[in-house]
Each structure stands twice: as structure tokens, then as C-alpha cells.
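Engineer: I have a structure here, written as C-alpha cells, and I will follow up with some questions on it.
The values are calculated or read from the model by the stated rules, or taken from the named source; none is laboratory data. Nothing here was measured: the structure is a model prediction, and the numbers come from that model. Here the Cβ is made from the backbone with ideal geometry for all residues, glycine too, and neighbour counts use every protein chain on show. Heads up: the accessible areas ignore ligands, DNA and RNA and are worked out on the full protein's heavy atoms, side chains in. Shrake-Rupley method; radii C 1.70, N 1.55, O 1.52, S 1.80 Å.
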Amino acid sequence: MNIRKTITSEIEWNTIKKAQANGKLQELLQVGDELDITLKTGEELTVQAVGTTEHGLIFLLKDCMKDEHGMNKRMTNKGGWRDSEMRLWLNETIIHMLPDELREMIVPRRIVQTMDGERLESEDKLWLPSFTEMFGADAAAEWAPGDLGDEQFELFASERSRVKEVPGRGTWWYWLRSPCGGTSTCFCFVTSDGGAYYYDAGRARGVAFGFCL
């Protein structure tokens, strides 16, 4: 019989900040590691390292926030992620709910999409994952051809790894930042079983944001 144990350790924000400043964050934390954070509202979240940057790490919520949110207030995906109400909500409201120490360490990320031949760019501290980052480039060619230069995050090669929950509701659907190709009203999302689908932008769905350190 094999016994598996989960080992946890306490870590201070100052330790993470020092490692980041010295370019040694990847020596302190690795892909798959989890950090527990508490929003200023009291909501408790867990973020998981899902990929790497040149000297840092990419984090994504392990499960969704307790409240759902729409991509836009109207049924449109015009302007993609750059012009979405979700982007404003995350970067003008939710960012200020994060612990101060964490917020100060977040490195803005450049997001690029193309829609109807137009290149859409933004630079964001908080963002949603793209279709490609969750499902890979081959699948994105049909579903979300507007994702430019994205690569699949290391942890999401299987349906099971993509499943997330909303507290108190079980497994749930959550938004991706990618407009669904061939529609003018829909964005892509991940289904409750880890598959892909799309829905009208004005409908509320789960939110699992990411950030870079």
C-alpha cells in the first residue's frame, strides 16, 4: 500500500518579494505550487502556478471566485478582451481587493488578440486565460483564431486539470478572454467537465483570473 501526504509550508510575502527582486522566484516556487490569499472582502482564494515567464511565474485561480460576472453588459464581443467590461472590472475593482503586498508585486502582462483583421492590445495586471492557454493551439484554430502567440499552460493538458468549482455550487463554467470565432456576441468558456464551449457575453459565468509575478 502507498501513502501520499501533502506537505504545506508557511511563506511570507516579503520572502516572495525578495526572491522576485533577485530574479530567483523560480527557485522558491515551481509550477503546481499553490498560494492561499484573502481578499479585503474576506473571500479566501487559492492561486496556483501554471507556467513560467523569463524570470517569474504565471498564476491562475485554482477555483472560481464566489460571484459570477459577465464579459460585457450587452450581448457583444466587439473589441474583444481589450474593450470588455470584464477587463475593466478586474483591473479597476478586483485588483484593489488583493492584499497590498501581492498587488505591488504583480507584473503587467501584454495581451494581444486579432478580430476582423484588427490587432487589439492591452497591458493588464489581472486577466483571464485565453482559449489557447487552456486547450492548445490546434483547438484554438477553429474556436478562437484571434489568440496570437499564446501557448498552452503546462498544467492544462487534460479535461480533469481544467475543471474548476464555484464555492458552494460544485464544478462550474468559467469565462476565457477569447471571443468565439464566427460570432459577434459570444466569448469562449470552460465547461463544468473541462471541455470548451461559448456563450453570449452578457451572461454571468465563473471568474478565474490570473496574474504574473
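Engineer: Residues of the stretch 97-138 being assigned to a helix (DSSP H, G or I) and farther than 16 Å from Met71 by Cβ, which ones?
Structural biologist: Step one: of the stretch 97-138, the residues assigned to a helix (DSSP H, G or I) are 97, 100-105, 131-135, 137-138.
The answer is Met97, Asp100, Glu101, Leu102, Arg103, Glu104, Met105, Thr132, Glu133, Phe135, Ala137, Asp138.
Engineer: Now, a different point. If the Cβ limit is 6 Å and pairs must be 6+ apart or interchain, which residue in the stretch 122-140 that is among the β-branched types (Val, Ile, Thr) pairs with which residue that is in a helix (DSSP H, G or I)?
Structural biologist: Thr132/Ala140
Engineer: For the stretch 31-80, which strands (runs of 3 or more DSSP E) that fit wholly inside it have 2 or more residues that are open to solvent by less than 60 Å² (accessible area, probe 1.4 Å) and of a type outside the set (A, V, I, L, M)?
Structural biologist: Output list reads 44-52.
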